[in-house]
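*Asks:* My questions will all concern the structure given below.
FYI, it's all coordinate maths here, none of it is from the lab. Remember, predicted model here, so these are calculated numbers, not experimental data. Cβ coordinates were reconstructed from backbone atoms using ideal geometry, including for glycine residues, and neighbour counts include every protein chain displayed.
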Amino acid sequence: MLRTLLMAASIALSVLTGWSQESSQNVSVIPEPVQLVQKPGTFRLHRETTIVSLDRELLSSARYLSDYVNNYLGCPLKVEQIENEPGSIVLVNKKNGEVPGGYQLIINPDGVEVQGNDAAGVFYGVQTVIQLLPTRAGVLPVLPALEITDYPRFAYRGMHLDVARHFFPTSFVKKYIDYLALHKMNYFHWHLTDDQAWRIEMKCRPELTAKGSMREGEIEGLYPGTYKPLPYGGYYTHEEVKEVIAYANERHITVIPEIDIPGHCMAVLATYPQFSTTPNEPKKAALTWGIFNKFNNVLAPTPEVFDFLCDVFSELCDLFPGQYIHVGGDECAKRWWQESKATQRFMKAHALADEKALQSYFIDYVQRVVNAKGKTLIGWDEILEGGVSKDCIIMNWRKPTYGAKAVQAGHRTVMTCSAWSYFNLKESNTQAEIGPRGPLPLEKVYTYQIVPDGLTAEQASLVWGAQGCLWTEYVPTTWKAEFAVFPRLSALAENVWSPVRKKNWENFVRKMETQFERYDLWGARYSEAYFRTHDVVRKR
Ligand code: ACM
């Protein structure tokens, strides 16, 4: 009854003010804001609508909004560096020292104000404006009147992309970064090297890409698959890397590069066989997938190898302006060290009790290189095994118990446990084309418990946030990458941004109707597995 009365009042007000029924527009914001109060009326965008800000720093956010409205809804908006004027969309950085990334959005029929706690907050406010816009071109672009107060639950909201197993051009990397931005994600983890390839130009070691970016062929289909003797390769130049970093920067996304050592190094060893514990055996970049107990993929602890690590990690630190450098450190097949007399002598000479301690020796070495450049090291959770210094950030990809151990040991930790956040796992068992592993259904991503049980408040505060990963063994094309990522990225985004009390699965499923329309608008491929398997009938 109350709802009917309120609706009648809203319609009456709309009639009085001359605004049409657009005020009843379905509000469907992902991730769910902390507080949202709808009001009667709408704000109409038209060709004279201007996005204004006095702050030069905010012009990229203003341009992002004007480009979006122009590209997707066909309505060009002006951007001006002037003071507020009636009827405009005003961007303000309050620089108030409150939660980074927080913002207020006030939409009235006579204007829109986005007030960020900082510049990132303004950008996220702009993303919410985008989420309130129509999802089809040709519809009058209106925004529902409302007030939103919003801020992120976690400071780290990441997505990873493996470009070693399959290569993706910078045009797609930028598109992927845009998808992150549209979900208020703020870290892009770029997995640049692995057994199958080295994909980043190194001025200090040009052979790495000349040789190590190319493999002899490709295995098609599920492992062991069919061998196709077509050389496969690709890498990013420094100029391309800088372009991607600048693009991400404008979207308030920090790029974290990963060079994976001391295991997962077959592409390095294909370039420098002398860096392995079996230098006289032939080496090539891997054609298949796995941890490679069968093929040697591990660096030997020699002076040449440590010089190499110093050179490449120093260059990486100089190229990437962000604070964080990822050293990998996962799945190091220790048998190669166990079987090597020279390695065992090295361990003895350095009082390293076992191979786990040797693994830590490598990580510690890289950490000192990275720290000397003023940066912070991140590694997969295996780096905890032999001990690692406290200021090293742990990325928990195995069971959540490893993440719990990491924060208990005082490490800042990113949660990306594979069973909940590896989007290369098929979403449902019907999706064999994505790969053999899974399923990882949408609801499981949505309900992923980011903070493990049994932690003190202080330990829980070390959980920095969560990340989705896309390993690309079975993802050779951009459409498959999108198909694997959507809609699970939307579920992760709400999980990592919205307060627990605002999360609601039924409401999320309702909002997904509109989100699918947005994917259509962006031209993104996506999976409808949830809707196919749960008898939820989509509108279109
Ligand atoms: C990993 O999935 N090996 C980090």
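*Asks:* Collect residues whose amide H, placed 1.01 Å from N in the peptide plane, falls under 5 Å from the amide H of residue 218; neighbours closer than 5 in sequence don't count.
*Replies:* HN-HN under 5 Å from residue 218: 228, 230.
*Asks:* Treating segment 384-429 as a set of equal point scatterers at the Cα positions, no solvent, please give the Debye-formula log₁₀ I(q)/I(0) at q = 0.24 Å⁻¹.
*Replies:* Each listed q maps to, in turn, -0.79.
*Asks:* What list of whole percents do you get for P(r) of segment 389-472, with Cα-Cα distances grouped in 10 Å bins up to the one holding the largest distance?
*Replies:* Per 10 Å bin, starting at zero, the Cα-Cα P(r) for segment 389-472 comes out as 20, 44, 24, 10, 1 percent.
*Asks:* For the chain, what is the calculated [θ] at 222 nm in deg cm²/dmol (nearest 500), taking -39500 (n - 2.57) for each run of four or more DSSP H residues and dividing by its residue count? Walk me through the numbers on the way to the answer.
*Replies:* Numbers: 19 runs with 191 residues, N = 540.
Theoretical 222 nm ellipticity from helices: -10500 deg cm²/dmol.
*Asks:* Which of the helices in the chain, when you take each full DSSP H run, stretch at least 15 Å along the axis at their Cα atoms and have an average Kyte-Doolittle score of 1.0 or higher?
*Replies:* What comes out of the filter, once short or polar helices are dropped, is 2-17, 119-132.
*Asks:* Can you bin segment 196-311 into rounded, prolate or oblate? Criterion: square roots of the alpha carbon gyration tensor eigenvalues sorted a ≥ b ≥ c, rounded for a/c under 1.5, prolate for a/b above b/c, oblate for the rest.
*Replies:* oblate
*Asks:* Given axes a ≥ b ≥ c from the Cα gyration tensor, I'd like to know whether segment 53-179 is rounded (a/c under 1.5), prolate (a/b larger than b/c) or oblate. Write out the running numbers ahead of the final one.
*Replies:* Details: a/c = 1.87, a/b = 1.31, b/c = 1.43.
It comes out oblate by the Cα gyration axes.
*Asks:* Over 29 Å between C-alpha atoms is what I'm after, so list which of 390/480; 211/242; 39/175; 228/480 land there.
*Replies:* Exceeds cut-off: 390/480; 39/175.
*Asks:* Let me ask something additional. Hey, could you pull the Cα Rg and Dmax for segment 300-415, both in Å?
*Replies:* 14.4, 40
*Asks:* Looking at the square roots a ≥ b ≥ c of the eigenvalues of the Cα gyration tensor of segment 127-181, which shape do they give, rounded for a/c under 1.5, prolate if a/b is larger than b/c, or oblate?
*Replies:* On the way: a/c = 5.40, a/b = 1.59, b/c = 3.39.
It is oblate, given that a/c is not under 1.5 and a/b is not larger than b/c.
*Asks:* Spin-label point model (7 Å from Cα, Cβ direction): what's the residue 27 to residue 318 distance in nm?
*Replies:* Inter-label distance under the simple model: 5.2 nm.
*Asks:* What is the fewest-to-most order of 114, 37 by other Cβ atoms lying within 10 Å of their Cβ?
*Replies:* In increasing order of surrounding Cβ atoms, one gets 37, 114.
*Asks:* Going by C-beta contacts inside 10 Å, put 319, 182, 230 in order with the fewest on the left.
*Replies:* 230, 319, 182
*Asks:* Percent relative contact order of segment 332-437, based on C-alpha pairs within less than 8 angstrom and at least six residues apart?
*Replies:* 15
*Asks:* Here's a follow-up. Normalised by the residues of segment 130-244, what does the relative contact order come to in percent, with Cα pairs under 8 Å and at least six apart?
*Replies:* With pairs under 8 Å counted, the relative contact order is 21 percent.
*Asks:* Jot down the per residue volume, in cubic angstrom and as a whole number, of the convex hull over the alpha-carbon atoms of segment 247-325. Please report the intermediate quantities before stating the final value.
*Replies:* Details: hull volume 9.4 nm³, N = 79.
Dividing the Cα hull volume of segment 247-325 by its residues yields 119 Å³.
*Asks:* Right, here's the next one. Using only the Cα atoms of segment 31-111, what are the Rg and Dmax in Å?
*Replies:* Calculated on Cα positions, Rg and Dmax stand at 13.4, 37 Å.
*Asks:* If you don't mind, there's one more thing I want to ask. Please report, in Å, the Rg and the Dmax of segment 332-396, where both are computed over Cα atoms only.
*Replies:* In Å, with Rg to one decimal and Dmax whole: 12.6, 37.
*Asks:* Mind putting together the pair-distance distribution for the chain? All Cα pairs, 20 Å bins, whole percent per bin, short to long.
*Replies:* Going out from 0 Å in 20 Å bins, the chain shows 21, 52, 23, 4, 0 percent.
*Asks:* Ratio of alpha-carbon Rg to the 2.2 N^0.38 Å globular estimate for segment 384-540, to two decimals, please.
*Replies:* Ratio of Rg to 2.2 N^0.38 Å for segment 384-540: 1.12.
*Asks:* Which is the longest run of the chain containing none of the GluC sites (Glu not before Pro) found in DSSP loop states (not H, G, I, E, B) with at most 10 other C-beta atoms within 10 Å?
*Replies:* Numbers: sites that count: 48, 83.
Looking at the chain, 84-540 is the longest stretch - no exposed GluC sites (Glu not before Pro) with at most 10 other Cβ atoms within 10 Å.
*Asks:* Oh, and also: Need one number: the % of Cα-Cα pairs in segment 413-461 sitting beyond the 15 Å mark.
*Replies:* So the pairs more than 15 Å apart make up 51 percent of the total in segment 413-461.
*Asks:* Counting other beta carbons within 10 Å of each Cβ, put 278, 237, 226 in order, fewest first.
*Replies:* Going from sparsest to densest Cβ surroundings: 226, 237, 278.
*Asks:* To the nearest 20 debye, what charge dipole does the chain have about its Cα centre, counting +1 at the Cβ of each Lys and Arg and -1 at the Cβ of each Asp and Glu?
*Replies:* About 800 debye.
*Asks:* Still on this structure, I have one more. Just need the relative contact order of the chain here, percent rounded to a whole number, with Cα pairs under 8 Å and 6+ apart.
*Replies:* 13 percent.
*Asks:* Given 253, 168, 485, which one lies farthest toward the positive end of the charge dipole of the chain, if we put +1 on the Cβ of every Lys and Arg and -1 on the Cβ of every Asp and Glu?
*Replies:* Value computed over the given set: 485.
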